[in-house]
1. Go through the range 51-60 residue by residue and tally those that are farther than 28 Å from residue 86 by Cα and in contact (Cβ under 8 Å) with a residue 24 or more places away in the chain.
2. Need pairs with beta-carbon distance below 7 Å; first residue open to solvent by 60 Å² or more (accessible area, probe 1.4 Å) and at pLDDT below 90 and within the range 36-50, second among the charged types (D, E, K, R) and not in a helix (DSSP H, G or I); sequence gap 6+ or separate chains.
3. If you take the residues of the range 4-35 that are touching a residue at least 24 places away in the same chain (Cβ under 8 Å) and assigned to a loop (DSSP other than H, G, I, E, B), which of them is surrounded by the fewest Cβ atoms within 10 Å (Cβ to Cβ)?
Amino acid sequence: MLARNLELNEAQQAAVKKILEQRQQEALRIRQDASISGGARIERFRALQDHTVERIRAVLNEEQKKKYDPLAVRRVAPASDQKSVEDWLKVTTPQ
């Protein structure tokens, strides 16, 4: 779907596929690491996503970059009564 929406050429498709496969492997490592606390795990996932986006954007041309903004959802202000994942972790994590 990403390849079609951004009209990626074959070289770009191969590069993006490799980036996404590496992200998947790193996400699995983060998920399986029992030494990481809930909040730190969330931060690592966010950092991994940010790094993945940067790497993918490096493969794209200027026109494709305009269409690719997966982090836009983070810039939308949450509703005033909306709880964050961090709020949920504080409530559910034993002290």
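1. First, pick out the residues of the range 51-60 that are farther than 28 Å from residue 86 by Cα: 57-60.
With in contact (Cβ under 8 Å) with a residue 24 or more places away in the chain added as a condition, the list becomes 59-60.
Going through the range 51-60 one residue at a time, the tally reaches 2.
2. none
3. The residue in question is 7.
The values are calculated or read from the model by the stated rules, or taken from the named source; none is laboratory data. These figures come from a predicted structure and were not determined experimentally. Please note: Cβ atoms are built from the backbone with ideal geometry, for glycine as well, and neighbour counts cover all protein chains shown. Please note that ligands, DNA and RNA were not included when accessible areas were found on the heavy atoms of the full protein model with its side chains. Shrake-Rupley method; radii C 1.70, N 1.55, O 1.52, S 1.80 Å.
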